[in-house]
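For reference, the structure discussed in these notes is given below.
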Amino acid sequence: MPSIHFLDVTNRDGVQTARTGLSKFGKVMVNFYLGRLGVAQSEIGFPSLFHEVPYVRACVALAQAGAFGQLRLSGWCRAVPADVESAVSVVPEARRGAPGLRHYNLSISTSDQMIAHKFRGRLDRAAIIGEMTAAVAVAQAALRGAGGAPGEYSIGVNAEDGSRTDEGYLTEFALAARDAGATRVRYCDTIGGDSPGRIRERFAKLASAVGIPIETHCHNDLGMAVANSVSGALGDLDAGQDAWVNTCVNGIGERAGNADLLSCILAFRHGFGVADSVSIGDPVDESWARRFGLWAAYAFGQPLPPAWPGVGRNAFAHESGIHADGALKDRGNYELYDDATLGPFPEDWHARAGRVVLTGEYGGKAGFRHVMDGLGLSVAAGEEDLVFSLVQLCAAATGKPLTDDELRLIAGYPRELALLFPGQLGD
């Protein structure tokens, strides 16, 4: 039976949000939370971009060490052969004989709008398909050469501005991608103008014609990114294909943002007429949702609106007489699902009121040991200096007090995290 899978793009599309930012250590934490939440795949960033290289190498090492559970890591590139060649060489010979990144998404614009006003005559429809298939060939050769067998790696092809691409050319593009070796085609509602009925119909037609999953990538310019993502996924299922849904934590992303991860999960789990007819193929554990959402608001410096689904401070608050009376009698009168399923509110060490000793960028060994002991975190023999240095470096990178989960990751995987800071730790 076809099922729903989540491919989160917080570390690629989300971090491009204007007037915000996230450290490379913060991006590692996004992958940590996605792994705990049970999401299938994380688009971790841009492996061909010079300042992403240490982070990509650290993430590959962390994934191999088990820090992210079963989360699959993918890199994003323009569908340009030279960019793909640069990306696949980032993790040369991976540790312990395994290849580096096994999953890639290669992107190129497909609409007449972009052809006329972005490429400006440099590429036409035929050249776009030629560029895309050549890029897929480079990725295929690299993955096979690294020992990856079909099924162990994936190559997605992104049709940027797919929602403004006519159906005939979009089908031609998708068939060419499939025949070149792509395992999915990403339909990008790049300017957020699609609508639920239209996108479901287009997905069903395209997935039926091509015979591989069509991946949703919806922006929120009209406030419909979640609705469009759900509807597009249903179109995949209508065609007998698995659905892959792109999301960002807390709905961050360029302009008005992307489809919110938790809202999409909740829609598939609890939506009327949806929950009883679909299956989520990922082992989603909603008890990590609250910690992830609140951590992201803190790390990005983007406070959540009070009414934000699931994790907003008013998401389960009742005041009006009718609502309060009904909720007191039975929460099911006015709540669609139990807030306890989203996990506890974090009570981090750094947020304690009153007298508290912290560890961070300028802290010393006494404070470091006090906090680590207080959190019950043991450090492997001979690695105290490394963990202490990483606490200082990560706190300096984030510019904020480290959270308990951040300290746990540092204590558990210091050798792998050291790859974030080449040349700074004496290695």
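The values are calculated or read from the model by the stated rules, or taken from the named source; none is laboratory data. All values reported here derive from a predicted model rather than from experimental measurement. Don't worry about glycine lacking a Cβ; one is built from the backbone with ideal geometry, like all the others, and counts go over all protein chains shown. With ligands, DNA and RNA removed, areas are computed over all heavy atoms of the protein, side chains included. Shrake-Rupley method; radii C 1.70, N 1.55, O 1.52, S 1.80 Å.
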Q) Within the stretch 218-230, is even one residue in contact (Cβ under 8 Å) with a residue 24 or more places away in the chain, under 30 Å from residue 142 (Cβ atoms), part of a helix (DSSP H, G or I) and among the polar types (S, T, N, Q)? A) no
Q: Would you please name the residue that is most open to solvent (accessible area, probe 1.4 Å), looking only at residues in the stretch 258-295 that are part of a loop (DSSP other than H, G, I, E, B) and of a type in the set (Asp, Glu)?
A: 276
Q: Can you give me the number of residues within the stretch 156-195 that are at positive phi and in contact with a His (Cβ under 7 Å, 6 or more places away or on another chain)?
A: 1
Q. Counting only residues that are of a type in the set (S, T, N, Q) and either at pLDDT 95 or above or within 23 Å of residue 292 (Cβ to Cβ) (or both), which one in the stretch 393-427 is most open to solvent (accessible area, probe 1.4 Å)?
A. 398
Q | Any chance residue 154 is in contact with a strand residue (DSSP E or B) (Cβ under 9 Å, 6 or more places away or on another chain), outside any helix (DSSP H, G or I), in contact (Cβ under 8 Å) with a residue 12 or more places away in the chain and under 19 Å from residue 247 (Cβ atoms) | A | yes
Q: Only residues that are under 26 Å from residue 249 (Cβ atoms) and either not aromatic (Phe, Trp, Tyr) or not in a loop (DSSP other than H, G, I, E, B) (or both): list them for the stretch 311-330, please.
A: 311, 312, 313, 314, 315, 317
**Q.** Which listed residue, of 395, 411, is in contact with a Gly (Cβ under 7 Å, 6 or more places away or on another chain) and in a helix (DSSP H, G or I)
**A.** 395
Q. What are the residues in the stretch 345-357 that are more than 27 Å from the chain's Cα centre (by Cα) and open to solvent by 80 Å² or more (accessible area, probe 1.4 Å), if any?
A. 352, 353, 355
Q: Residue by residue through the stretch 370-392, note down the ones that are open to solvent by 40 Å² or more (accessible area, probe 1.4 Å) and part of a helix (DSSP H, G or I).
A: 370, 373, 374, 384, 385, 392
Q. How many residues does the stretch 65-90 contain that are out of contact with any strand residue (DSSP E or B) (no Cβ under 7 Å at 6 or more places or on another chain), free of Cβ contacts under 8 Å to residues at least 60 places away in the same chain and of a type outside the set (A, V, I, L, M, F, W, C)?
A. 6
Q | residue 255, sole failed condition from (1) touching a helix residue (DSSP H, G or I) at 6+ places or on another chain (Cβ under 7 Å); (2) part of a loop (DSSP other than H, G, I, E, B); (3) within 20 Å of residue 11 (Cα to Cα) | A | (1)
(Q) Name the residue that is farthest from residue 200 (Cα to Cα), counting only residues in the stretch 231-250 that are out of contact with any helix residue (DSSP H, G or I) (no Cβ under 7 Å at 6 or more places or on another chain) and part of a helix (DSSP H, G or I). (A) 237
Q: Return yes when residue 313 is closer than 30 Å to residue 40 by Cα, among the basic types (Lys, Arg) and either touching a strand residue (DSSP E or B) at 6+ places or on another chain (Cβ under 7 Å) or open to solvent by 50 Å² or more (accessible area, probe 1.4 Å) (or both) and no when it is not.
A: yes
Q) What helices (runs of 4 or more DSSP H) completely inside the stretch 11-107 contain at least 2 residues that are open to solvent by less than 10 Å² (accessible area, probe 1.4 Å) and more than 14 Å from residue 420 (Cα to Cα)? A) 24-37, 81-88
Q) Of the residues 128, 115, which single one is crowded, with 21+ Cβ neighbours inside 10 Å, over 26 Å from residue 52 (Cβ atoms) and at pLDDT 95 or above? A) 115
Q) Out of curiosity, is residue 242 of a type outside the set (A, V, I, L, M) and open to solvent by 60 Å² or more (accessible area, probe 1.4 Å)? A) no
Q: Might you check whether a residue that is under 30 Å from residue 250 (Cβ atoms), among the basic types (Lys, Arg) and surrounded by 24 or more Cβ atoms within 10 Å (Cβ to Cβ) occurs anywhere in the stretch 192-211?
A: no
Q) Out of (1) of a type in the set (A, V, I, L, M, F, W, C); (2) modelled with pLDDT of 95 or more; (3) open to solvent by 50 Å² or more (accessible area, probe 1.4 Å), what's the single condition that is false for residue 141? A) (2)
